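J.: First, the structure itself, so that you have it in front of you.
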Amino acid sequence: MSIRLIIFLIIFCLVFGFYIFYNIFKRKLSLQYSLMWFSYIILMIIALISTPILGSITNFIGFEVISNMIFFFGFIILMIISFVLTKFLSSQKEKITTLTQEVGILKKELAKYHEKD
Amino acid sequence: MQRVLMIIPAYNEEKSILSVVENIKKVKTKDFMLDYIVVNDGSKDKTREVLIKNKLNFIDLPCNLGIGGAVQTGYKYAFYHDYDIAIQFDGDNQHDASFIPDLVTNIKKGNDLVIGSRFVGDLSEFKSSKLRRMGINLLSGIIKICTGVKIYDVTSGYRACNKKLISYFANNYPVDYPEPDSLVQVLKMKYKVREIPVIMHKRKTGKSSINGFKSIYYMIKVILAIIIADISTKGDD
């Protein structure tokens, strides 16, 4: 893996990390969900820095070049993150449905209450 | 005297909703009390204005949930107000209100779910297009394989259920294309389901929610939902 590619990827990870921090401070991102992105960035940086050691593992698993392995595992982790998000989305949808129904019924009861007055 | 609630989901039904409710009000009831609730599922047309102007009994959902979510709202309302029987009824004049007493009688006979069916008896002249009937037959066959019970009109939205199922549906009801899915759940739990002949009309206004390319997507989704309901619903066996 060329040193230029490593430096470029590390800079990219750092910029992305700062952007996440920025969003947390702006209160646009909850700390709970930023943690998985931070661990992703940290893992990527560790992998990028330790490329000399990774060489033997790469050969052992059967990747031809280190960069392939890094991208491959990066891709796997991203898949896991998006699956977790889909699961989260499904439970959110269910909660919103229940809330919408209850709000509808409450509005109805409230109107009835006002009519009586 | 038993209290019966008609649940009428309405999405963009400004032209038909008033006549639907008027037809229900015309039904003569001797041995039960008939109420109705329209669930306005975030309609984009003037459905809400029509409901307010005519002082109809309605629930106004703050955003669109889809047919299943709207119907479930009705079941929740029936559950909170302790109704004995709930009947689903479309807001587009496809269903004939004169069969309400038949449905109620069949619930009183001890059935848990009574389906108003186009395909039993010879009452209904309108039986949907050929292609749609093929789809319904296929779903009916799959449900027969999964549950061992043959139901002909598995997508009928004209259904009555008793108190036990009202409380079940209030908490468990599929969100989109819910009829076949919930039917499998009910059959798996060994509830008594019966089909009775009713007349259904061709819709005069509005569009069916299932058309063209969507129908293939619908079939795949419903078959999947049936299989999942089959596996995940705990029966007595």
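J.: Long-range amide H contacts for B:Ile59: which residues qualify at under 5 Å (H placed 1.01 Å from N, peptide plane, sequence gap of 5 or more or a different chain)?
T.: B:Val38, B:Val39, B:Asn40
J.: For the charge dipole of the protein assembly as shown, defined by +1 on Lys and Arg C-beta atoms and -1 on Asp and Glu C-beta atoms about the Cα centroid, which residue among A:Thr51, B:Pro101, B:Ile226 has the Cα displaced farthest towards the positive pole?
T.: My answer, from the dipole projection, is B:Pro101.
J.: So, counting K/R as plus one and D/E as minus one, what does the shell of residues with Cβ under 14 Å around B:Val27 add up to?
T.: Working: positive: B:Lys25, B:Lys26, B:Lys28, B:Lys30; negative: B:Glu22, B:Asp31, B:Asp35, B:Asp96, B:Asp102.
Neighbour charge sum, excluding B:Val27 itself: -1.
J.: Can you list residues whose amide H is under 5 Å from B:Arg3's amide H, if they're 5+ apart or on another chain and H is modeled 1.01 Å from N?
T.: B:Met33, B:Asp84, B:Ile85
J.: Using a 10 angstrom Cβ neighbour count of at most 13 plus a DSSP loop assignment to flag exposed trypsin sites (Lys or Arg not before Pro), which longest range of chain A is free of such sites?
T.: A:29-117
J.: While we're looking at this one, here's another question. Go through the range A:83-92 residue by residue and turn each phi into a ³J(HN,Hα) via Karplus (6.51, -1.76, 1.60, θ = phi - 60°); whole Hz please, and just put x for glycine and proline.
T.: These are the phi-based 3J(HN,Hα) values: 5, 4, 5, 5, 4, 4, 4, 4, 5, 4 Hz.
J.: Sort the protein assembly as shown into rounded, prolate or oblate with this rule: let a ≥ b ≥ c be the square roots of the eigenvalues of the Cα gyration tensor; rounded if a/c is under 1.5, and if a/c is not under 1.5, prolate when a/b is larger than b/c, oblate otherwise.
T.: prolate
J.: Of the DSSP beta bridges with both residues in chain B, give the percent that are antiparallel, rounding to the nearest 5.
T.: Looking only at bridges with both residues in chain B, the antiparallel portion is about 30 percent.
J.: Can you give the calculated 222 nm mean residue ellipticity of chain B, where each DSSP H run of n ≥ 4 adds -39,500 (n - 2.57) and the sum is split over every residue, rounded to the nearest 500 deg cm²/dmol?
T.: -13000 deg cm²/dmol
J.: Note down the relative contact order for the range A:3-84 as a percent, whole number, built from C-alpha pairs under 8 angstrom at least six residues apart.
T.: Value for the range A:3-84: 26 percent.
J.: Could I ask something else about it? Charges at C-beta only: +1 for Lys and Arg, -1 for Asp and Glu. How large is the resulting dipole of the range B:2-232 about its Cα centre, in Debye rounded to 20? Provide the component values of the computation, followed by the final result.
T.: Working: 34 positive and 24 negative charges, 73 e Å.
For the range B:2-232, the charge dipole is close to 340 debye.
J.: Is the C-alpha gyration tensor of the range A:1-103 telling us rounded, prolate or oblate? Criteria: a/c under 1.5 is rounded; beyond that, a/b larger than b/c is prolate, otherwise oblate.
T.: Oblate is the answer for the range A:1-103, as a/c is 1.5 or above yet b/c matches or exceeds a/b.
J.: Loop-only trypsin sites (Lys or Arg not before Pro) in the range B:1-91, please: DSSP not H, G, I, E or B, and at most 15 other Cβ atoms within 10 Å.
T.: For trypsin sites (Lys or Arg not before Pro) across the range B:1-91 that sit outside H, G, I, E and B with at most 15 neighbouring Cβ atoms in 10 Å, the list reads B:Lys28, B:Lys30, B:Lys44, B:Lys46, B:Lys55.
J.: Rounded, prolate or oblate, given the Cα gyration tensor of chain B, with a/c below 1.5 counting as rounded?
T.: Note, shape of chain B comes out rounded.
J.: Stretch A:Glu109-A:Ile24 to full length: gain in nm at 0.36 nm per residue minus the Cα-Cα span?
T.: Working: separation 85, 0.36 × 85 = 30.60 nm, distance 3.99 nm.
Length gained, A:Glu109 through A:Ile24: 26.6 nm.
J.: Efficiency by 1/(1 + (r/R0)^6): what FRET value for B:Asp31 and B:Asn57, r their Cβ-Cβ distance, R0 = 25 Å, to the nearest 0.05?
T.: Values: r = 22 Å, r/R0 = 0.88.
E between B:Asp31 and B:Asn57, to the nearest 0.05, is 0.70.
J.: How far, in nm, would the chain grow between A:Lys93 and A:Ile81 when pulled straight, counting 0.36 nm per residue and subtracting the alpha carbon separation?
T.: 2.5 nm
J.: Please go through the range B:105-175 and write out the chymotrypsin sites (Phe, Trp or Tyr not before Pro) that DSSP classes as loop and that have at most 12 other C-beta atoms within 10 Å.
T.: For chymotrypsin sites (Phe, Trp or Tyr not before Pro) across the range B:105-175 that sit outside H, G, I, E and B with at most 12 neighbouring Cβ atoms in 10 Å, the list reads B:Phe126.
J.: What does the average come to when, for each residue of peptide A:91-104, you count the partner chain Cβ atoms lying within 10 Å of its Cβ?
T.: Mean inter-chain Cβ contacts per residue within 10 Å come to 5.
Read-outs: derived from the displayed coordinates by stated rules, not from any lab. In this text, all values refer to a predicted model and were calculated from it rather than measured experimentally. With ideal geometry, Cβ positions are generated from the backbone for all residues, glycine too; neighbour counts draw on all protein chains shown.
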